[in-house]
Amino acid sequence: QVQLVESGGGLVQPGGSLGLSCAASGFTFSVLPMRWYRQAPGKEREVVATIVTHGRITNYADSVKGRFTISRDNAKNTVYLQMNNLKPEDTAVYYCNAVPPWPWGQGTQVTVSS
């Protein structure tokens with residue numbers, strides 16, 4: 001059974017930082033690219049960042065370039081998202097998933113507000 005468990009969200013002030021983690025199980029993690037997505041209230045889910053299997057190639061949405069960093073640890077079946085200089089428009093539920101995607105996890109809420 002595939003499981004994706006996101007954690008690390010919370011409330012942070014503008015300009016602050018958060019680190020998200022996603023623990024994956026039930027599939028061969030190391031052979032699939034991974035993505036972080038986010039969904040803000042009233043908006044569609046969007047891709048935030050992508051990392052290839054070996055981790056040496058990454059891609060980011062223009063809105064987060066230079067502020068977010070995606071990484072992975074294949075030995076721990078975990079993908080990470082380090083978010084710096086957070087802005088109110090980063091407020092959303094953040095999800096991880098493989099490419100192609102499995103059933104979604106519960107996500108983790110990130111709220112950026114003063």
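The values are calculated or read from the model by the stated rules, or taken from the named source; none is laboratory data. Remember, predicted model here, so these are calculated numbers, not experimental data. Neighbour counts are summed over all protein chains in view; Cβ atoms, including those assigned to glycine, are modelled from backbone coordinates with ideal geometry. Side chains included, ligands, DNA and RNA excluded: accessible areas come from the protein's heavy atoms. Shrake-Rupley method; radii C 1.70, N 1.55, O 1.52, S 1.80 Å.
Worth a mention:
- Against the numbered list (1) free of Cβ contacts under 8 Å to residues at least 12 places away in the same chain; (2) open to solvent by less than 40 Å² (accessible area, probe 1.4 Å), Val48 comes up short only at (1).
- Residue in region 5-22 that is open to solvent by 50 Å² or more (accessible area, probe 1.4 Å), charged (D, E, K, R) and touching a residue at least 60 places away in the same chain (Cβ under 8 Å) present: no
- Count of region 23-38 residues which are open to solvent by 30 Å² or more (accessible area, probe 1.4 Å) and either under 17 Å from Gln106 (Cα atoms) or of a type in the set (Lys, Arg) (or both): 4
- Thr28 vs. criteria under 19 Å from Leu4 (Cα atoms) and β-branched (Val, Ile, Thr): yes
- Index of the failed condition, Pro41 passing every other in (1) exposed (fewer than 13 other Cβ atoms within 10 Å of the Cβ); (2) within 21 Å of Thr78 (Cβ to Cβ): (2)
- Filtering region 73-110 to residues that are of a type in the set (Ser, Thr, Tyr) and free of Cβ contacts under 8 Å to residues at least 60 places away in the same chain leaves Thr78, Thr91.
- Residues (aliphatic (A, V, I, L, M) and within 15 Å of Thr50 (Cα to Cα)) located in region 8-32: Leu20, Val31, Leu32
- Hits in region 39-53 (condition: in contact with a strand residue (DSSP E or B) (Cβ under 6 Å, 6 or more places away or on another chain) and polar (S, T, N, Q)): Gln39, Thr50
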